[in-house]
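Below: one structure, written as structure tokens.
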Amino acid sequence: MNIGYGLVAQGIITYFYRILSVMSKQKKAVALISGGLDSLLAAKTVMEQGIHVEGINFFTGFCVEGHTHAIRKKDKASPKRNNALWSAEQLGIKLNIIDIIDEYKDVLINPKHGYGANMNPCLDCKVFMVHKAKQWIEENDFDFIITGEVIGQRPMSQRKDTMPVIAKESGADDLLVRPLCAKNLPLTLPEREGWIDREKLHGFSGRTRKPQLALADAFGFDDFAQPAGGCCFLTDKSYSNKLVDLWTARGRKEYDLDDVMLLKVGRHIRPKKNFKLIVAREEGEARFLQGYKKEFINMNCASHKGPLAMIDGEPSEEDLLLAAQLTARYGQGRDAEFVDVTIREKDGVERLVTVKPIKADQIPLQWMI
Amino acid sequence: MDDLGKNMTKEILNAKRLLCPLPVIRTQDKVKTMNAGDILEVICTDPGVMQDIPAWCRINGHKILETISAEMEYTIILQVA
Ligand code: SF4
């Protein structure tokens, strides 16, 4: 009998010990850090409630920062920071940067919810990122997810009717907290369980930035990123046109990281379906394109100063002469009667051709992608 | 690195031709496989790493031992925390 009572007592003690340890365990959240102000404020709002927060940042390949600054010479004058790393440093949190380049292809190529104004599949993208964050919290024993979304801030992914879609389709459900507009949304698990106090979250909505700026001021953040053109090339019209052109020319929707990079660089001219030229617009781009000389036929003016041009596709000999005429057009010999152009094969074998530079009015507008 | 402790290792990561943030991601993934005290030398061609890898080290507690920039190549030597 005594042994039986002892076991029951021990069981009760263990049970209460477990409850206590669950109650006292500090809750942990992962914040999707884009590098912009909203995610910075959302993370800070939750940290203020004593939650341990770490950041997660996804690299799709289409992020504006980094690459372009590294490529273009004019951007080198003021070295740019990585805003996600900067945000994490301001918050004093760890940041996990995750390469999702390959997995992201399916999101971009087959978006269930379609594209936004350009080739931006924002809603599918958000669902995918929150889904990845959900996997991450499970693997790393974290409790919930934070995003900087605000109802009405963006036309596609941040609307009252699409916010629940992200929560549901990502599988995060009520583990997804949007601290900047939480008061306009249903209760989440962290609020219900009292891990965070709903009253200390916010009820921002709409496109105005005033509440965010006031909150930034209250937190003492004064050097945050407010990228005017967004942080993603897929929202850019010209970039999107080049991507669609690439898929059309190939006859299928596919890409790799080199394609993603090359669409960011140079002037793209497609005289025919089977080939296009990528012409460097400045020294930084030319240096960057040099790295691809073994992968593309390339050419540059030999008799005059001029840019490096890469030929993407399967050009015929006649096409190469047309490409040489176009290359000459963008060099200092554009008004000369003839220009010598060096054509370089992928294996490095060179030959010289002499061409008449094409005149501006001979270039149909639809060639310019 | 002759003064490396007995159990510490030194590894080299080639991140040439990668543009930021890929060198940071590769560094992060490599560091995950290493032990505290180990040394990692990251060799890159994107000058952005001179800002980004030290920033990543600061927020994750790793120590930058040396940064070298020479002839379009940027090398960062760090010690894993
Ligand atoms: S702008 Fe780009 S990164 Fe942001 S949600 Fe849309 S597709 Fe995704």
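For segment A:193-331, report the translational diffusion coefficient in µm²/s to the nearest whole number, using Stokes-Einstein at 4 °C, 1.567 mPa s, and a Kirkwood Rh over Cα pairs. This corresponds to a translational diffusion coefficient of 70 µm²/s.
Ordering A:Val53, A:Ala42, A:Val130 by the projection of their Cα atoms onto the charge dipole of chain A, which places +1 on the Cβ of Lys and Arg and -1 on the Cβ of Asp and Glu, puts A:Ala42 at the extreme positive end. A full extension of the chain between B:Met72 and B:Asn35 corresponds to an added length of 10.3 nm, given 0.36 nm per residue minus the alpha carbon distance. Per residue of chain A, the DSSP helices (runs of n ≥ 4 H) give a summed -39500 (n - 2.57) that works out to -11500 deg cm²/dmol at 222 nm.
If both residues of a DSSP beta bridge must be in chain A, then about 60% of such bridges are antiparallel. On the beta carbon distance between A:Lys273 and A:Glu295, with R0 = 35 Å, the FRET formula returns roughly 0.95.
The convex hull around the C-alpha trace of segment A:265-367, projected and averaged over every direction, spans 5.9 square nanometres. Set against the 2.2 N^0.38 Å expectation for a compact globular protein, the protein assembly as shown has a Cα radius of gyration ratio of 1.18. The solvent-accessible area of A:Tyr255, taken with every protein chain present and a 1.4 Å probe, is close to 10 Å².
Computed over protein heavy atoms with a 1.4 Å probe, the accessible surface of the protein assembly as shown works out to 48 Å² per residue. Please go through segment A:329-368 and write out the GluC sites (Glu not before Pro) that DSSP classes as loop and that have at most 14 other C-beta atoms within 10 Å. Sparse-neighbourhood loop GluC sites (Glu not before Pro): A:Glu337, A:Glu345. Looking only at segment A:269-302, which residues have a backbone nitrogen under 19 Å from a spot 7 Å from the Cα of A:Glu345 in the C-beta direction? Flagged as within label range: A:292-300. Buried surface for the A/B pair, taken as the accessible area of each chain alone minus that of the pair with a 1.4 Å probe, is close to 1800 Å² in total. Inter-chain neighbour count for A:93-100: the average number of beta-carbon atoms from partner chains within 10 Å of each residue's beta-carbon is 4.
Excluding same-chain neighbours fewer than eight residues apart, the lysines reachable from A:Lys132 by a Cα-Cα span under 18 Å are A:Lys28, A:Lys94, A:Lys105, A:Lys112, A:Lys168.
A Cβ-based charge dipole, computed about the Cα centre of chain B with Lys and Arg at +1 and Asp and Glu at -1, lands at about 300 debye. For the listed residue pairs A:Lys27/A:Lys210; A:Lys242/A:Lys272; A:Lys44/A:Lys200; A:Lys253/A:Lys273, the alpha carbons are over 19 angstrom apart in A:Lys27/A:Lys210.
Each eigenvalue of the Cα gyration tensor of segment B:2-79, multiplied by 5 and square-rooted, gives one semi-axis; in descending order these are 20, 13, 11 Å. Applying a length cut-off of 27 Å (Cα extent along the axis) and a mean Kyte-Doolittle floor of 0.5 to the DSSP H helices of chain A leaves A:2-24. For a paramagnetic label modelled on A:Lys25 (point 7 Å from Cα along Cα→Cβ), amide N atoms under 11 Å away belong, within segment A:125-144, to A:141-143. For the protein assembly as shown, a crude dipole built from +1 on the beta carbon of Lys and Arg and -1 on the beta carbon of Asp and Glu, taken about the Cα centre, is about 1000 debye to the nearest 20. Near A:Leu123: Cβ cut-off under 14 Å, other residues only, Lys/Arg at +1 and Asp/Glu at -1. The net charge is +2. Each semi-axis of the equivalent ellipsoid for segment A:95-142 is √(5λ) with λ an eigenvalue of the Cα gyration tensor; in descending order they amount to 23, 11, 9 Å.
Within the straight-line cut-off of under 19 Å between alpha carbons, the aspartates and glutamates reachable from A:Lys160 are A:Asp38, A:Asp124, A:Glu149, A:Glu169, A:Asp173, A:Asp174, sequence neighbours fewer than 8 places apart in one chain being disregarded. Look at the stretch B:47-60: the mean tally of other chain Cβ atoms within 10 Å of its residues' Cβ atoms is 5. Annotation note: GluC sites (Glu not before Pro) in segment A:159-214 located in DSSP loop regions with a Cβ neighbour count of at most 16 within 10 Å are A:Glu193.
Could you work out which residue, out of A:Lys305, A:Lys168, A:Lys293, moves most in a Gaussian network model of chain A, that is, has the largest mean-square fluctuation with Cα springs under 10 Å? Ranking A:Lys305, A:Lys168, A:Lys293 by mean-square fluctuation puts A:Lys305 first.
The values are calculated or read from the model by the stated rules, or taken from the named source; none is laboratory data. Keep in mind that what you see is a predicted model, and the values were worked out from it rather than measured. So basically every Cβ, Gly included, is an ideal-geometry build from the backbone, and we count neighbours across all protein chains shown. Keep in mind that these areas ignore ligands, DNA and RNA; they rest on the heavy atoms of the full protein, side chains included. Shrake-Rupley method; radii C 1.70, N 1.55, O 1.52, S 1.80 Å.
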